[in-house]
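A.B. asks: One structure coming up, written as structure tokens, with questions to follow.
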């Protein structure tokens with residue numbers, strides 16, 4: 001068993017999707033699939049049940065998963081110990097992130113950075129993606145984790161992952177029984193949404209405008225859990241990235257998808273300023289090393 005194979009196992013288990021797991025690992029889907037098949041042959045048991053719509057762990061896969069995670073954690077700890085002993089980095093690092101990005105666990109990443117570079121002073125802010133992009137352009141942040149691709153100018157962007165958006169409704173809503181809904185079905189409904197600085201708000205606003213459809217945002221919030229709570233109380237419907245609909249706080253709500261070729265692309269990236277402090281390069285270097293660990297939902 002190789003460490004890279006363990007990374008692939010964890011990625012597929014967490015993403016439940018070979019294509020997304022391969023993108024997170026920075027390899028082709030065929031390369032990841034071949035490595036998994038090779039490991040299954042070595043172990044003499046299938047690790048995943050594969051279908052056209054879903055990938056899930058077998059009993060053997062569930063037995064292996066905690067050992068795979070421990071192997072990755074031990075390897076990461078070893079790398080951190082070597083770096084601490086050989087590189088005494090100091091200075092400051094200014095980081096910003098939108099809440100609940102899903103494809104990157106910013107808290108875990110900053111924890112590892114602090115363990116590796118204890119002399120660096122870390123400053124962190126949480127805000128909407130478009131507000132963070134403005135701070136990056138102004139040189140007020142070194143690195144931002146955001147879900148925006150437009151108006152980034154000379155900012156350097158590293159794509160981390162993509163998600164579809166889905167529709168969340170209260171079980172009593174007229175749309176609750178529909179597996180798929182159209183944009184027209186959502187026109188002139190009462191919405192709970194984030195403020196305009198959040199990436200998904202602008203994404204959805206633009207989707208409605210492109211179709212010349214009206215919608216009513218009755219509740220504007222700055223917190224994912226507040227949005228889910230308001231939908232739970234029947235105060236409106238919401239359009240959110242897939243991983244938000246999978247949060248425990250969304251249990252009991254109904255999820256509907258939009259037509260396959262009409263779903264806006266919600267893209268998460270690590271963005272750095274051209275004037276970023278040297279510590280920013282070390283954070284992005286660590287992100288590259290830990291690209292599987294950052295796949296856990298925030």
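The values are calculated or read from the model by the stated rules, or taken from the named source; none is laboratory data. Keep in mind the model is a prediction, meaning the values are calculated, not measured. Heads up, the Cβs are rebuilt from the backbone with ideal geometry, glycines too, and the neighbour counts pull from every protein chain shown.
For every residue, the table says whether it meets (1) modelled with pLDDT of 90 or more; (2) under 23 Å from residue 132 (Cα atoms); (3) under 13 Å from the mean Cα position of the chain (by Cα).
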{"site": "237", "(1), (2), (3)": "yes, no, no"}
{"site": "245", "(1), (2), (3)": "yes, no, yes"}
{"site": "248", "(1), (2), (3)": "yes, no, no"}
{"site": "252", "(1), (2), (3)": "yes, no, no"}
{"site": "259", "(1), (2), (3)": "yes, no, no"}
{"site": "264", "(1), (2), (3)": "no, yes, no"}
{"site": "289", "(1), (2), (3)": "no, no, no"}
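A.B. asks: Confirm whether residue 213 is touching a strand residue (DSSP E or B) at 6+ places or on another chain (Cβ under 9 Å) and either in the same structural domain as residue 180 (by TED's automatic domain parsing) or farther than 20 Å from residue 104 by Cβ (or both).
C.D. replies: The answer is no for residue 213.
A.B. asks: Something else: I'm trying to understand the selection: among the residues of the range 236-274, which are in a loop (DSSP other than H, G, I, E, B) and closer than 19 Å to residue 178 by Cα?
C.D. replies: Matches in the range 236-274: 236, 246, 251, 252, 253, 258, 259, 263.
A.B. asks: If you don't mind, another one. Taking the range 275-287 as the search range and keeping residues that are part of a helix (DSSP H, G or I) and touching a residue at least 12 places away in the same chain (Cβ under 8 Å), which one is nearest to residue 244 (Cα to Cα)?
C.D. replies: 287
A.B. asks: Got at least one residue in the range 216-228 being surrounded by 14 or more Cβ atoms within 10 Å (Cβ to Cβ), modelled with pLDDT of 90 or more and in a loop (DSSP other than H, G, I, E, B)?
C.D. replies: yes
A.B. asks: For the range 23-32, which positions are in contact with a helix residue (DSSP H, G or I) (Cβ under 7 Å, 6 or more places away or on another chain) and buried (at least 18 other Cβ atoms within 10 Å of the Cβ)?
C.D. replies: 24, 25, 32
A.B. asks: Let me ask you something else. Of 102, 91, which residue is farther than 17 Å from residue 287 by Cα, at pLDDT below 90 and either in contact with a strand residue (DSSP E or B) (Cβ under 9 Å, 6 or more places away or on another chain) or part of a loop (DSSP other than H, G, I, E, B) (or both)?
C.D. replies: After ruling out the rest, the residue left standing is 91.
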